[in-house]
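These notes concern the structure reproduced below.
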Amino acid sequence: MYKRVKPNGAHLGKELTVVSLVSHGPESVYMAWHHGKWCAVACKVMKSRKRALRESSVLQALSHPNIVRGLGVEGQTHLLMEYLDGPTLRDFIRSRPRKRMSLSDAMRVAIHIGGALDHIHHRGFVYLDVKPSNIIIFDGRPILFDVGTVQKQKKLKEAIGTDDFMAPEQCSKGRVGAYTDVFGLGVTLYKMLTGKLPFTGYSKKNPHPQLIRDPVPLKKHLPNAPASLDQLVLACLNRDPKQRPTLAELLPALHTYIRSGSPMWPSFIHV
């Protein structure tokens, strides 16, 4: 059962006053005013101090413009992060015409998030929950903001993640690595481009059709998509982790499909 929501104006310890509720769940997130820091912060009320300290330590190990900044733990269970005022990528996709993004904008988001994932991997972690609802669009910049599922690169003891976006090795509690997040990024990219999920047949009895089904080709929903992009996205969704592209291969390839607006990096950078 979820904890009762704190009303606006309620105190969260000595230094924090609730401004508004951001999300409600087992671990609710509030926008709060920090009287000591004299600024707005995002406050995630954790189930235990151990969980709060764990997430804080992960955030302290990371430093990237596309990952939310951690601001420590207040009191026993209040995890503080920078407050990002913007829609989630899920809501942004839903607001677009036909509930999908333009090709160029989807590539930009994927490249930004791919860069964040690469940073996470170089710190020895795997994100394990890449999905539109875990990404906030802040001043046009997509930012990963929930590190609750982040793990070391290892064999899982339990299935971690969100069913629709989990790689097969997550579903089967196998060994996870950078290739696992490539799968999640591939599902997110597919969702941005089509407004749909790549695998059919989801149900309570069959929550992981990605274990036995092949993804629906991108061109079924997006007939004008370049065949090479279709192949690239499907490669990210391969059941065999060894057959998926690395981020070093994927991100420059995605850049070639940006056809409108500004490029992702200056022309003097060769990829």
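Which of (1) within 28 Å of V109 (Cβ to Cβ); (2) in a strand (DSSP E or B) is the odd one out, the single condition V73 does not satisfy?
(1)
Run down G177, G161, G201 and say which single residue is touching a residue at least 40 places away in the same chain (Cβ under 8 Å) and either over 20 Å from H64 (Cα atoms) or of a type in the set (G, A, S) (or both).
The conditions single out G177.
What helices (runs of 4 or more DSSP H), lying completely within the range 175-259, carry at least 2 residues that are more than 24 Å from R98 (Cβ to Cβ)?
Once the helices (runs of 4 or more DSSP H) in the range 175-259 are filtered for at least 2 residues that are more than 24 Å from R98 (Cβ to Cβ), what remains is 178-194, 247-255.
Out of Q170, Q153, report the one residue that is more than 13 Å from L247 (Cβ to Cβ) and in contact with a strand residue (DSSP E or B) (Cβ under 6 Å, 6 or more places away or on another chain).
That would be Q153, the only listed residue that is more than 13 Å from L247 (Cβ to Cβ) and in contact with a strand residue (DSSP E or B) (Cβ under 6 Å, 6 or more places away or on another chain).
Conditions first: (1) out of contact with any Phe, Trp or Tyr (no Cβ under 6 Å at 6 or more places or on another chain); (2) free of Cβ contacts under 8 Å to residues at least 24 places away in the same chain; (3) open to solvent by 40 Å² or more (accessible area, probe 1.4 Å). V29 passes all but one, so which condition is the exception?
It is condition (3) that V29 fails.
Every residue, every condition in (1) open to solvent by less than 10 Å² (accessible area, probe 1.4 Å); (2) in a loop (DSSP other than H, G, I, E, B); (3) of a type in the set (F, W, Y); (4) touching a helix residue (DSSP H, G or I) at 6+ places or on another chain (Cβ under 7 Å), yes or no:
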position: S20; (1), (2), (3), (4): no, no, no, no
position: A40; (1), (2), (3), (4): no, no, no, no
position: C43; (1), (2), (3), (4): yes, no, no, no
position: A52; (1), (2), (3), (4): yes, no, no, no
position: V58; (1), (2), (3), (4): yes, no, no, no
position: P65; (1), (2), (3), (4): no, yes, no, no
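For the range 135-157, what are the residues that are under 26 Å from T256 (Cα atoms) and either touching a residue at least 24 places away in the same chain (Cβ under 8 Å) or surrounded by 18 or more Cβ atoms within 10 Å (Cβ to Cβ) (or both)?
Across the range 135-157, the qualifying residues are I135, I136, I137, F138, D139, R141, P142, I143, L144.
Report yes if some residue within the range 123-140 is assigned to a helix (DSSP H, G or I), in contact with an Asp or Glu (Cβ under 7 Å, 6 or more places away or on another chain) and closer than 28 Å to D214 by Cβ; otherwise report no.
Yes, some residue in the range 123-140 is assigned to a helix (DSSP H, G or I), in contact with an Asp or Glu (Cβ under 7 Å, 6 or more places away or on another chain) and closer than 28 Å to D214 by Cβ.
For the range 158-216, name all the residues that are hydroxyl-bearing (S, T, Y) and open to solvent by less than 10 Å² (accessible area, probe 1.4 Å).
Matches in the range 158-216: T180, T188, Y190, T194.
The values are calculated or read from the model by the stated rules, or taken from the named source; none is laboratory data. Worth saying up front: this structure is predicted, and the values here are computed from it rather than measured. In this analysis, Cβ positions are derived from the backbone assuming ideal geometry, glycine residues included, and neighbour counts consider all displayed protein chains. The protein model used for the area step is the full one, side chains on, heavy atoms only, and it has no ligands, DNA or RNA in it. Shrake-Rupley method; radii C 1.70, N 1.55, O 1.52, S 1.80 Å.
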